[in-house]
Amino acid sequence: ADIILRGYSGWNSRRALEVLDELFPKDAPMQPSLVIVYFGGNDSINPHPSGLGPHVPLQEYLENMRKIANHLKSLSDHIRLIFLTSPPINEEQMFKKLSATQSGRTNESCGIYAEALMELCEEMNIKAINLWSAIQKREDWLDVSFTDGIHLSAEGSKVVVKEILRVLREAEWKPSLHWMSLPTEYAEDSPYYPPSPDGTSTINVSYSIPRRSLQWDL
């Protein structure tokens, strides 16, 4: 699978709409099989008195996400979507690490935007993951989930990976997009593979699944 990352620091749903047609043109020769959309954390920041900053009012945020979903759905009959909600934050850690630059963030606001997005996705029949709830299921989530109170640590990111894999495994999509179901490219036998124990053939390692890979599907 070819994976294209389109993560831009500090963006919100309003900014994403400005370049949506550029990033996902309808006349592209090939359209993606899966798009994972992740906005809400910056949108949910409280408004700044100056009017500047990433805040997007809740209803506008939901309308932006609806527009993003409708555009992506229009690209292909076979495209699949997963929306991720805003994650929680550790406000105490955030103030210690980032000071006043992030003073408009609250965990409560993240939760409000997360729940609203889940309701929208249910209405639109879109697979969605409530990261705000999923990350907080761990008792020590405040201690291990963030590098600075906002951005996810390795432990926090593991929750994201686990939840995405769960959706891919459980979704009744045809064809399935779970990694264990994806076809193997260039899967034919080759004389360049490792020889078998008796030396009469080779071992087709394209079908071999290293045990270490299975950790992502726990």
TODO: Scan segment 28-39 and give yes if some residue there is over 30 Å from W141 (Cβ atoms), at pLDDT 90 or above, open to solvent by 60 Å² or more (accessible area, probe 1.4 Å) and among the aliphatic types (A, V, I, L, M), otherwise no.
DONE: yes
- [ ] Scan (1) part of a helix (DSSP H, G or I); (2) surrounded by 13 or more Cβ atoms within 10 Å (Cβ to Cβ); (3) in contact (Cβ under 8 Å) with a residue 24 or more places away in the chain for the single condition M180 breaks and write down its number.
- [x] (2)
- [ ] Provide a single number: the residues in segment 40-64 that are touching a Gly at 6+ places or on another chain (Cβ under 9 Å), of a type in the set (S, T, N, Q) and surrounded by fewer than 19 Cβ atoms within 10 Å (Cβ to Cβ).
- [x] 1
- [ ] Within segment 134-148, work out how many residues are open to solvent by 50 Å² or more (accessible area, probe 1.4 Å) and part of a helix (DSSP H, G or I).
- [x] 2
Open item on the list: Can you tell me which residue is nearest to W173 (Cα to Cα) among those in segment 119-133 that are open to solvent by 20 Å² or more (accessible area, probe 1.4 Å) and more than 14 Å from the chain's Cα centre (by Cα)?
Closed with: N125
Task: Single unsatisfied condition, P25 versus (1) buried (at least 17 other Cβ atoms within 10 Å of the Cβ); (2) modelled with pLDDT of 95 or more - done: (1)
Open item on the list: Please go through segment 158-176 and give me each residue that is in a loop (DSSP other than H, G, I, E, B) and closer than 24 Å to W132 by Cβ, ordered by number.
Closed with: A171
Open item on the list: I'd like the full set of residues that are surrounded by 10 or more Cβ atoms within 10 Å (Cβ to Cβ), part of a loop (DSSP other than H, G, I, E, B) and of a type outside the set (F, W, Y), limited to segment 2-22.
Closed with: R6, N12
TODO: Give the number of residues within segment 183-199 that are touching a strand residue (DSSP E or B) at 6+ places or on another chain (Cβ under 9 Å), open to solvent by less than 100 Å² (accessible area, probe 1.4 Å) and not polar (S, T, N, Q).
DONE: 3
TODO: Give me a count of the residues in segment 66-112 that are among the small types (G, A, S) and under 21 Å from the mean Cα position of the chain (by Cα).
DONE: 6
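Filter segment 82-127 down to residues that are among the aromatic types (F, W, Y) and part of a helix (DSSP H, G or I) and give me whichever is modelled with the lowest pLDDT. So that I can check it myself, show each step before the final result.
The initial filter retains those residues of segment 82-127 that are among the aromatic types (F, W, Y), namely 83, 95, 113.
This time we only want the ones that are part of a helix (DSSP H, G or I), so: 95, 113.
On the way: F95: 89, Y113: 98.
If we take residues in segment 82-127 being among the aromatic types (F, W, Y) and part of a helix (DSSP H, G or I), then F95 is modelled with the lowest pLDDT.
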Open item on the list: I'd like to know if segment 68-79 contains one or more residues that are open to solvent by 30 Å² or more (accessible area, probe 1.4 Å) and part of a strand (DSSP E or B).
Closed with: no
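The values are calculated or read from the model by the stated rules, or taken from the named source; none is laboratory data. Since this is a predicted model, take the numbers as computed values, not measurements. Glycine gets a Cβ as well: all are built from the backbone with ideal geometry, and neighbour counts include every protein chain shown. Remember, those area values only see protein heavy atoms, side chains included, never the ligands or the DNA or RNA. Shrake-Rupley method; radii C 1.70, N 1.55, O 1.52, S 1.80 Å.
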